[in-house]
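Nothing in this text is a laboratory measurement; each read-out follows from the coordinates by a stated rule. Here the structure is a predicted model, which is why all the values come from computation and not from measurement. Note that we place each Cβ from the backbone using ideal geometry, even for glycine, and neighbour counts take in every protein chain shown.
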Amino acid sequence: MEPAQAAQVILAQEACLTRASVHLEQRRSSPAPPASPYQHAAEMTFQDSFPKPLGDYVRKSNIALAVSRPDEDAPLVLVNAAFCALTGYGADEVLGRNCRFLQGEDTTEEMRRPLRDFVQGIGPDSGRFPILNYRKDGSRFLNFVFMTRLFDREKQPSFILASQFDMTSSLRRSGLAANDATLQRALSDVEQIGREFGLAMVGSAQMIADSVALMARLSLDDDWP
């Protein structure tokens, strides 16, 4: 290599090292990006009032579960891995948000109203609702949502526990019985754990049993949604 070429290579290397040093110093001096205010608020609410053993149980469940508060806009305070797998969203993307972010242009008001009424405290303390939802990638699915209120010692609704099931196709619907058996066991466990912390459920097991008729009606329409 000629002396002039060698000198150019050395100068180029020095310039590259200088840029890298400046970039590293800028990263060190720049403050870390703030955490999502939704996520922070949801985590604080969850940590302050939701029993840790119950939260650990929900996280480990292999059926889709989510926990929200019934106050304000019913923000999510906990979702498990099965919920994230079903919807395509990470927990950090949904904490602090109302579940309506799963709705889309073809989700009708007729579908929305029963869920909205439940969150607002209208009607029975457990319910099951079919609603057209959308995953993060835009694909849609018929979500068969089960919801039950968790009451504190003063008989006031403290949390809403929800379970989601994809009933889009007849093949998926055939798995609902197995899902419900698992959900029944999960509700029994949640009720037992929650009782130790002053949380109680009302009528949830009967609601799942009564939903068989609704499941049969939905299963007749293989083209929906």
What is the distance, in nm, between label points placed 7 Å from the Cα along the Cα-to-Cβ direction at Phe101 and at Ser49? 2.0 nm
Calculate the spin-label point distance for Arg172 paired with Arg135, positioning each point 7 Å from the Cα along the beta-carbon direction, and give it in nanometres. 0.8 nm
Figure the gain on full extension for Glu196 and Glu72 (residue separation times 0.36 nm, minus the Cα-Cα span) and round it to one decimal in nm. 42.0 nm
Projecting the Cα atoms of Ala162, Met147, Leu176 onto the charge dipole of segment 144-194, where Lys and Arg contribute +1 and Asp and Glu -1 at Cβ, the residue farthest towards the positive end is Leu176
